[in-house]
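Written below as structure tokens is the structure these notes are about.
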Amino acid sequence: MMRTSDVAVIGAGVIGLAVAWRAAQRDMTVTVIDPSPGSGASSAAAGMLAPVTELHYAERDLLDLTLDSAARYPEFVTELESATGLDVGYRRCGTVSVGWMGSDLAALRDLAEFQRALALTVETLTAAELRRLEPLLAPGLPGGVLVTGDHQVEPPALVAALRTGATFAGAQLVEQRVASLRVDSETVVGVDLADGSAITAGETVVACGAWAALLDLPGDVELAVRPVKGQTLHLSGDPGALSHVVRGEVRGAPVYLVPRSDGRLVIGASSEEAGFDLRPRAGVVHDLLRDAQALLPSVAEMELVGVRTGLRPGTPDNSPLLGRAGVDGLVIATGHHRNGVLLTPVTADGVADLLETGTAPTAWKPFDPLRFSPVRVDREASWS
Ligand code: GLY
């Protein structure tokens with residue numbers, strides 16, 4: 001069987017579904033292909049929307065993109081919720097980073113100086129201020145940093161709403177595995193599916209996260225994307241244990257706690273270079289629970305509901321691969337690494353612009369999908 005679409009989107013996680021929704025809203029016919037929609041990295045993500053808290057020193061270009069996407073979130077959510085009638089759990093709760101020891105706090109304060117130098121809004125908290133803000137955190141924590149503009153969303157709820165939104169807008173979802181890209185005279189013209197059927201499309205968008213590493217692309221194109229395993233723990237307890245997202249470093253290891261308003265809590269996350277191995281590991285569960293409980297003692301009383309494992313699509317500079325990759329008919333939207341949920345609105349809007357106008361946003365120059373590829377040198381001229 002052969003279907004025809006203007007756009008084929010490979011991957012039905014938050015990125016692929018949001019791209020499909022936006023493209024279908026612009027009257028393109030869209031088919032999204034995924035053997036198990038929403039079950040990849042999107043299902044394990046905690047949903048921190050924290051461009052400031054999660055800033056790393058060498059990631060200046062990425063900061064512009066994450067801030068842009070965070071600023072799009074309120075309208076994106078309002079539009080999606082009113083189109084679908086579904087709540088995506090967007091909560092403007094702010095994020096508190098806490099130090100476990102004085103040296104952790106010193107590192108947080110150094111980062112806060114860097115953040116302020118970039119005109120970002122951060123407030124340093126004394127131990128007493130931290131205690132007033134989050135009274136159930138462990139006594140004795142030396143202080144922290146508050147970012148009032150870093151929020152959260154619930155990834156599984158976002159997936160459900162994007163799936164509904166994309167479908168309402170006319171996109172088709174095909175629950176199949178992509179076997180290969182269809183290529184005709186060096187142009188990508190759709191995909192062949194594992195069941196022997198095919199979808200022909202004028203444009204094919206690669207939005208399958210880490211699995212993009214397994215796709216054979218035409219020509220010299222290689223995507224510098226790799227799986228970075230992350231495990232999150234899902235707990236349930238009384239509401240109100242925390243009113244902010246809390247991020248901490250305990251004995252040098254990062255841990256974060258994302259409280260939902262009904263008492264659920266997500267604890268994350270490991271960062272493991274383990275290939276495509278999705279099995280949860282007991283030692284990781286132990287370490288996350290130990291560190292989360294060190295910060296919030298009442299974790300010990302909560303019900304452990306489950307462990308979820310996902311594969312972040314990592315790249316050498318932790319920034320996404322966005323735009324054309326030197327092959328007609330092919331658009332890349334992967335490599336979002338730790339920021340897939342946060343970068344969903346800006347990615348979907350930019351890919352829809354690219355599909356409609358043929359031009360990627362100029363702000364995407366640092367995210368050229370071929371910046372790590374041997375053919376990059378030949379492409380430099382096209383950006384100037
Ligand atoms: N953004 C949090 C994580 O990737 O674990």
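The values are calculated or read from the model by the stated rules, or taken from the named source; none is laboratory data. What you see is a predicted model; the values in this text were computed from it and never measured. Cβ atoms come from the backbone with ideal geometry, glycine included; neighbour counts cover every protein chain shown.
Some points to look at:
- Test for Ala160: is it surrounded by 16 or more Cβ atoms within 10 Å (Cβ to Cβ), at pLDDT 95 or above and among the hydrophobic types (A, V, I, L, M, F, W, C): yes
- All conditions in (1) away from the ligand (no atom under 16 Å from the Cβ); (2) buried (at least 22 other Cβ atoms within 10 Å of the Cβ); (3) among the β-branched types (Val, Ile, Thr) hold for Val258, with the sole exception of (1).
- Scanning the range 95-145 for residues that are among the hydrophobic types (A, V, I, L, M, F, W, C) and on the phi > 0 side of the Ramachandran plot yields a total of 1.
- Output for the range 1-19, where each listed residue is farther than 18 Å from Gly165 by Cβ and touching a Cys at 6+ places or on another chain (Cβ under 8 Å): Ile10
- Flag if Gly237 is surrounded by fewer than 20 Cβ atoms within 10 Å (Cβ to Cβ) and more than 24 Å from Leu17 (Cα to Cα): yes
- Meets criteria (in a helix (DSSP H, G or I), buried (at least 17 other Cβ atoms within 10 Å of the Cβ) and of a type in the set (Asp, Glu)) for Asp104: yes
- Verdict on Gly323 being within 16 Å of the ligand (Cβ to nearest atom) and touching a residue at least 40 places away in the same chain (Cβ under 8 Å): no
- Test for Gly144: is it buried (at least 17 other Cβ atoms within 10 Å of the Cβ) and either among the aromatic types (Phe, Trp, Tyr) or under 30 Å from Met302 (Cα atoms) (or both): yes
- Against the list (1) more than 15 Å from the ligand (Cβ to nearest atom); (2) surrounded by 23 or more Cβ atoms within 10 Å (Cβ to Cβ), the condition Gly340 fails is (1).
- Residue within the range 168-175 that is out of contact with any strand residue (DSSP E or B) (no Cβ under 7 Å at 6 or more places or on another chain), crowded, with 18+ Cβ neighbours inside 10 Å and within 30 Å of Ala71 (Cβ to Cβ) present: yes
- The sole residue among Asp353, Asp328, Asp317 that is surrounded by fewer than 21 Cβ atoms within 10 Å (Cβ to Cβ) and more than 20 Å from Leu65 (Cβ to Cβ) is Asp328.
- Counting only residues that are touching a Ser or Thr at 6+ places or on another chain (Cβ under 9 Å) and within 11 Å of the ligand (Cβ to nearest atom), the range 33-65 holds 9 of them.
- Of all residues in the range 42-62, none that is basic (Lys, Arg) has its Cβ atom under 9 Å from the Cβ atom of a residue that is within 9 Å of the ligand (Cβ to nearest atom), 6 or more apart or on another chain.
- With respect to the conditions (1) closer than 29 Å to Ala58 by Cβ; (2) crowded, with 18+ Cβ neighbours inside 10 Å; (3) among the polar types (S, T, N, Q), Gln293 lacks only one, and its number is (1).
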